[in-house]
There are 2 protein chains.
Amino acid sequence: MAALTFELIAKDPGSQARLGSLTTTHGKIETPIFMPVGTQATVKAMTPEELVEVGSQIILANTYHLYLRPGHDLVARLGGLHRFMHWDRPILTDSGGFQVFSLGELRKISEEGVQFRSHIDGSKHFISPEVSVAIQEALGSDIAMCFDECPPYPAEYDYVKKSLELTTRWARRCKEAHRRPDQALFGIVQGGMHPELRRESARQIIDIGFDGYALGGLSVGEEREIMYDMMQACSDILPESSPRYIMGIGAPEDLIEGINAGFDMFDCVMPTRNARNGALFTSTGRINIKSAIFAEDEGPIDPACDCYVCRNYSRAYLRHLYRSQEILASRLNTWHNLHFYLNLMGEVRRAIAEGRFAQFRKEFYARRAMAEPVFSKG
Amino acid sequence: MAALTFELIAKDPGSQARLGSLTTTHGKIETPIFMPVGTQATVKAMTPEELVEVGSQIILANTYHLYLRPGHDLVARLGGLHRFMHWDRPILTDSGGFQVFSLGELRKISEEGVQFRSHIDGSKHFISPEVSVAIQEALGSDIAMCFDECPPYPAEYDYVKKSLELTTRWARRCKEAHRRPDQALFGIVQGGMHPELRRESARQIIDIGFDGYALGGLSVGEEREIMYDMMQACSDILPESSPRYIMGIGAPEDLIEGINAGFDMFDCVMPTRNARNGALFTSTGRINIKSAIFAEDEGPIDPACDCYVCRNYSRAYLRHLYRSQEILASRLNTWHNLHFYLNLMGEVRRAIAEGRFAQFRKEFYARRAMAEPVFSKG
């Protein structure tokens, strides 16, 4: 049996949005889906049971962090990541590529791989495509990602072209190194902010052949419109029969645009990190719970929300917890934000199933009094 | 109807331990009981539902902290502390006395009350017995405490004697100021580490007459044996028909000794604060989850424990969370420690109900390989 199967259930008539079902070793995922980020084998401030309650079907864990601490071998000896962190649903691991490139001065890239120093203790390490695959196999995620180079932004055409070719050679090495029959492997499309290089990268990665395809290197400082252009540039090249994932984005509107362009999977620290900073998502836009206007506000974060937090706590209490630097502030804010993201994905899936995603997207922007992005296609 | 009724259900034949039932405006409490501390209208890292799951029947909130932030008037306007923090079981508020005396240089005591500066912003404030009662009435706790003076340790006999007399005068003013018919008021016995002054204070406070009686000013740096002597010194003076509370203690063995001396209620930050520092309670003693010996330990915190944490997480994972400074570390550690304390209270109540508390106490020390304190009485 394949480590992963993808079934395309419906296509929206007015957009490129798709409804799908992804079957992994640890169960099924309905797409489009958002994956909460559990960097260090925990989605910050949440228990696995709470993740299920807010609608999480799959989470992401970071190879770079878990390699450094507690170490992938230790996780493997303790029965793998699922057992280690008490989560029995699907897990996707990134490859560590984005994290090591984010280390800046601390890393050095060669054809062979990347040498870097730990952000924890400065110790020296080396990750190659083969090492990244070995770490992900030891962690035992359901979906592993190829080790890629993520070019900086802005970057010249020639640099990006050479970089995407390195990513292609590394992708080939990842595929060759990959052994676990119960783990899927996704390829990553790079190409910076040059649409023709994105398309070139996509063709090269598709040529190698993977269980799914991702866009990497987005949301690295570019304008939102450029990001949306890159999604559109790749969407008609990626095979319709494979799951399509945009890594590391984003705001709710970015997810809507990714879905509109035919993508199925998303991850981002935004809902969890923003929560810890008091920034909360609502159906009409963002609020910051720190604000004095909420000091005596008896209402919930979002009157349109039916999550545990909105059912039981006032904005006034949440503001008090935040100002008092209480752990419960991080917990309740994270709970609400993740519920918001996952509930949005549920609404999107219903809209696609009913063939009204284009209308849903219009209403999404109207509720927020935001201008709707316009594209020549889609 | 009285704001509080206390029913003495059973007395242990081999000790002074008692089994009781306390009825408050927000429901019944079985005693002996431990009250988790919710300083800022939240028991750190826990939701109210989780507090119930670990067996909490009543929690404590701090008058001093809530007076400063968010302010008792705000809490009152929002419907009182129970509604504000989404907790519908009993709440006991301390009087703020211990907190303002802990401010050291920042406060000045007079017959009228205490002038002090806020630890948050340095602003000037004044709390008198009347102000303390008014704050606690605004918060709407089920049990309010008298505003008392807590002498430092060590302190001379003459200083302590004058101090306990001030506490008595303040207790009288608290009783006169107290209005809420749905709120009980407890008196506080002081007297430092002088048994005869403890007894003198107890007689004076009992003379005024309160719904319950507490020992204040313990666990302020004295030897454990001195603390136990103070409990013993008061236990035969306090009326048998009233609930008896020892404030701010303590370690599990301190609770056992308090119960052995005939006390019914306890509160302490130890289980919650220790949890956040990685110190965990088990049936055979304390462990610190930071220790390298737990790096690959697949076992639970305590094999004898059936709490959510022990059922689902390994010591290895908890150590990883702690080292990674994850919020889930504080959550799971707090959950386990509070379960440990409240489960211990449940075991104690069963032992008293079955007339075998003295034996239970022996076994408690034997499991920990600890020497059992010996007293002339009890």
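Checking the a/c ratio against 1.5 first, then a/b against b/c, what shape does the Cα gyration tensor give for the stretch B:65-211? Cα axes put the stretch B:65-211 in the oblate bin. Structure remark: mean-square fluctuation, Gaussian network model of chain B, C-alpha springs under 10 Å; the largest value among B:206, B:249, B:120 belongs to B:120. Indicate, rounded to the nearest 5 percent, the antiparallel portion of the DSSP beta bridges found entirely in the stretch B:4-268. Restricted to the stretch B:4-268, the bridges split so that about 45 percent are antiparallel.
Accessible surface of residue A:87, taken over heavy atoms with a 1.4 Å probe and every protein chain present, rounds to 10 Å².
Inter-copy label distances at residue A:286, shortest first and taken from points set 7 Å along Cα to Cβ: 4.3 nm. Estimated at 0.36 nm per residue, the fully extended path between residue B:304 and residue B:224 surpasses their Cα-Cα distance by 26.1 nm.
In terms of packing, defined here as the mean over residues of other Cβ atoms within 10 angstrom, the peptides A:285-298, B:313-326 line up highest first as B:313-326, A:285-298.
Can you give me the angle between helix B:129-139 and the longest principal axis of chain B, using Cα atoms only, in degrees from 0 to 90, rounded to the nearest 10? Compared with the principal axis, the helix lies near 50 degrees. Shielding by partners for peptide B:77-84, expressed as the average number of C-beta atoms from other protein chains within 10 Å of each residue's C-beta, is 3.
Convex hull volume of the Cα atoms of the stretch B:12-146, normalised per residue: 137 Å³. Shape class of the stretch A:300-340 from the alpha-carbon gyration tensor: oblate, with a/c at 1.5 or above and b/c at least as large as a/b. Normalised per residue, the accessible area of the stretch A:4-268 is 34 Å², obtained with a 1.4 Å probe and no contribution from ligands, DNA or RNA. The label-point distance for residue A:370 and residue B:73, in a model that sets each label 7 Å from Cα toward Cβ, rounds to 4.0 nm. Each label was represented as a point 7 Å from its Cα along the Cα-to-Cβ direction; for residue A:277 and residue A:292 these points are 2.3 nm apart. The accessible-area loss of the stretch B:47-62 on complex formation, taken against its chain alone with a 1.4 Å probe, reaches 30 Å² or more at B:47.
Helix A:224-235 axis versus longest C-alpha principal axis of chain A: approximately 50°, rounded to the nearest ten. Using the Karplus relation 6.51 cos²θ - 1.76 cosθ + 1.60 with θ = phi - 60°, the per-residue 3J(HN,Hα) values for the stretch A:65-76 come to 5, 6, 4, 6, 7, x, x, 5, 5, 4, 4, 5 Hz, with x marking Gly and Pro. For the stretch A:12-48, backbone nitrogen atoms closer than 19 Å to the point 7 Å from residue A:358 Cα along Cα-to-C-beta are found at A:12-19. The mean number of partner chain beta-carbon atoms within 10 angstrom of a residue's beta-carbon across peptide B:64-71 is 2. Between 0 and 90 degrees, the angle of helix B:357-367 with respect to the longest Cα principal axis of chain B falls at about 50 degrees.
Name the shape class, rounded, prolate or oblate, that the alpha-carbon gyration tensor gives for the stretch A:275-369, where a ≥ b ≥ c are the square roots of its eigenvalues, rounded holds for a/c under 1.5, and otherwise prolate holds if a/b is larger than b/c and oblate otherwise. Prolate, because a/c is 1.5 or more and a/b exceeds b/c.
Distant-in-sequence amide contacts of residue A:61, defined by a placed amide H-H separation under 5 Å and a gap of 5 or more residues or a different chain, comprise A:38, A:92, A:93, A:94. The helix-only estimate of mean residue ellipticity at 222 nm for chain A, built from DSSP H runs of length n ≥ 4 each weighted as -39500 (n - 2.57), is -12000 deg cm²/dmol after division by the residue total.
In chain A, the alpha-carbon atoms span a convex hull of 136 Å³ per residue.
Note on residue A:284 and residue B:350: with the Förster distance fixed at 45 Å, the Cβ-Cβ geometry gives a FRET efficiency of about 0.25.
As a calculated quantity, the FRET efficiency between residue B:112 and residue A:175 at R0 = 60 Å, using C-beta atoms, amounts to about 0.15. Among the cysteines of chain B, B:150, B:234, B:268, B:307 have no other cysteine beta carbon within less than 4.7 Å of their own. Counting protein heavy atoms only, chain B has 49 percent of its accessible area on carbon and sulfur, 1.4 angstrom probe. Of all beta bridges that DSSP places with both ends in the protein assembly as shown, some 50 percent have antiparallel geometry. For peptide B:309-316, what's the mean number of Cβ atoms from other chains within 10 Å of each residue's Cβ? That average works out to 3. Annotation for the B:A interface, with buried accessible surface near 3500 Å², both sides summed [1.4 Å probe; non-protein components not counted].
Each pair of Cα atoms in the protein assembly as shown enters the Kirkwood radius, and Stokes-Einstein at 20 °C and 1.002 mPa s then converts it into a translational diffusion coefficient of 75 µm²/s.
The trypsin sites (Lys or Arg not before Pro) found in the stretch B:152-248 that occupy coil by DSSP, while having at most 14 further C-beta atoms within 10 Å, are B:179.
The values are calculated or read from the model by the stated rules, or taken from the named source; none is laboratory data. Note that the structure is predicted; figures quoted are calculated from it, not measured. Positions of Cβ are backbone-derived with ideal geometry, glycine not excepted, and every protein chain shown enters the neighbour counts. For the accessible areas, the whole protein counts, side chains as well, though only heavy atoms, and no ligand, DNA or RNA atoms are used. Shrake-Rupley method; radii C 1.70, N 1.55, O 1.52, S 1.80 Å.
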